[in-house]
Amino acid sequence: MDIVTQGEFNDLWQAALEADQVWTWQGHEGLRQLPQALGQGQRRLTVFREGFQLWLDNVIYDRPIHLDYVYQLPQLTLTFYLSGDFRIVNPGLAKEEDRSEENGESCICYLPDVRSIEYYPAQKPLQRLTLSVGLEFLRSYALDQTFPLLIRRLLDGQPIAPFHQTFGIAARTIQPMIQQILSCSYQGALRQMFLESKSLELLTLQLARWAKDEQQPIPSTAWKSQDLEKLERAKEILQCSIEYPPSLVDLAQQVGLNDCKLKQGFRQLFGTTVFGYLRACQMERAKQLLRESDLYITDIAAKVGYSSLPAFSNAFYRQVGMSPHKFRRS
């Protein structure tokens, strides 16, 4: 199945815009249909005030999507993943550079001028809720110790590195609120008031949650012997499935762990993410093939799980510090 690259993705959106097939507006709410050439679904945007917006995405792509672009806006973004499982790489990010974004997770990030390489699978529903929060909007509230330290530094104008902080979606607090947003039946001004109040509540809960975690760090899990065996088994599966690696959900099912525990185990015990470990295995295998075989580099890329030579070359360079061609000649 052909992959939709960034260039084709941009061209399809531009063609839809020129044909006036994308945005429809009613008051402060806009609806953007996904171009038919990409798949089915839509994005709904609600503008509450300057610097505070709500985005609701609900799409299914017909073909795999491979995007590569640079974030432009210096704003805070909160995302809640309701369905789907895709991969994002932000080269150079100090934490969570290579990660999966999936159902049941949420995150807070600040990624100005950061490159984002995103991989979306075909024929899988993707649903997410995103809050875009401008820095001036946050500064309109009294800045004090109740905000997370990193956010305080950001709002105080101190230089900070871009960051991405992953959380779960708390079942008792956040999930009911998200469902209220998704099922809102109000219209007009009442709808905007309701959605803004719930969005502010989500923002408050996430910031408070992060601040509490800073004060009371979560202790490392005392792992049971059977869980340790399952995590080691997960490593073995990844080592043996380099060309066709399982998804995070499939891997968790194969070893008998839930996906959250699998990710937590890799971070705590192996010092990396599941995708980070897979990537390291792929690059080690690629180096072996480059040294010991006469295969074309395109064929090596395929054997270590890459359908695109540029994607493989970029990943190899980030991991090894030189191109595959230069490594073979060295």
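The values are calculated or read from the model by the stated rules, or taken from the named source; none is laboratory data. What you see is a predicted model; the values in this text were computed from it and never measured. Glycine gets a Cβ as well: all are built from the backbone with ideal geometry, and neighbour counts include every protein chain shown. Note: areas computed on protein heavy atoms with side chains; ligands, DNA, RNA excluded. Shrake-Rupley method; radii C 1.70, N 1.55, O 1.52, S 1.80 Å.
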(request) Starting from the exponent 0.38 and prefactor 2.2 Å, build the expected Rg for the range 188-330 from its residue count and divide its actual Cα Rg by it. (result) 1.46
(message) Output wanted: per-residue J couplings in Hz (rounded whole) for the range 4-11, from phi through Karplus 6.51 cos²θ - 1.76 cosθ + 1.60, θ = phi - 60°, x for Gly and Pro.
(response) 7, 8, 4, x, 5, 4, 5, 5
(request) Could you order K212, K303 by accessible surface area, starting with the largest, using a probe radius of 1.4 Å? (result) K212, K303
(message) Quick check on the chain: helices-only [θ] at 222 nm, where DSSP H runs of length 4 and up contribute -39,500 (n - 2.57) each and the sum goes over total residues. Nearest 500, please.
(response) -13500 deg cm²/dmol
(request) At 7 Å along the Cα-to-beta-carbon direction for both K95 and R328, put a label point, then send me their distance in nm to one decimal. (result) 4.0 nm
(message) Classify the range 186-260 from the C-alpha gyration tensor, please: rounded if a/c falls under 1.5, else prolate or oblate depending on whether a/b exceeds b/c.
(response) oblate
(message) Tell me the carbon and sulfur percent of the accessible area for the chain, rounded to whole percent, probe radius 1.4 Å.
(response) 50 percent
(request) With a Förster radius of 35 Å, plug the Cβ-Cβ distance of Q226 and S185 into 1/(1 + (r/R0)^6) and report the FRET value to the nearest 0.05. (result) 0.15
(request) List the residues whose amide H sits under 5 Å from the amide H of L38, counting only those 5 or more places along or on another chain, with H placed 1.01 Å from N in the peptide plane. (result) none
(message) Taking the Cα centre as origin and putting +1 on Lys and Arg beta-carbons and -1 on Asp and Glu beta-carbons, what dipole magnitude results for the chain, to the nearest 20 debye?
(response) 680 debye
(message) Over 20 Å between Cα atoms: which of K235/K303; K95/K303; K198/K263; K230/K303; K263/K303 fall into that group?
(response) K95/K303; K198/K263; K230/K303; K263/K303
(message) Using a 1.4 Å probe on the protein heavy atoms only, what accessible surface does C281 show? Give it in Å² to the nearest 10.
(response) 20 Å²
(message) I need the peptides 14-21, 311-318, 114-121 ranked by packing, meaning the mean over residues of other C-beta atoms within 10 angstrom, with the highest value on top.
(response) 311-318, 114-121, 14-21
(message) Return the equivalent ellipsoid semi-axes of the range 1-152 as a descending list in whole Å, where each equals the square root of 5 times an eigenvalue of the C-alpha gyration tensor.
(response) 27, 20, 14
(message) Is the C-alpha gyration tensor of the range 243-284 telling us rounded, prolate or oblate? Criteria: a/c under 1.5 is rounded; beyond that, a/b larger than b/c is prolate, otherwise oblate.
(response) oblate
(request) Assuming a ≥ b ≥ c are the square roots of the Cα gyration tensor eigenvalues, decide whether the range 118-237 counts as rounded (a/c under 1.5), prolate (otherwise, with a/b larger than b/c) or oblate. (result) oblate
(message) Residue by residue through the range 20-33, what is 3J(HN,Hα) from phi via Karplus (6.51 cos²θ - 1.76 cosθ + 1.60, θ = phi - 60°)? Round to whole Hz and write x for glycine and proline.
(response) 6, 10, 10, 8, 10, 10, 9, x, 8, 10, x, 10, 10, 7
(message) When 1/r is averaged over all different Cα pairs and the result inverted, which Kirkwood radius in Å belongs to the chain?
(response) 21.8 Å
(request) Give me the distance in nm between label points sitting 7 Å out from Cα along the Cα-to-Cβ direction at A15 and N258, one decimal. (result) 4.4 nm
(request) Determine ³J(HN,Hα), in whole Hz, for all residues of the range 138-146 in sequence, where each value follows from phi through the Karplus function 6.51 cos²θ - 1.76 cosθ + 1.60 and θ = phi - 60°; x replaces Gly and Pro. (result) 5, 5, 5, 9, 5, 7, 8, 6, 6
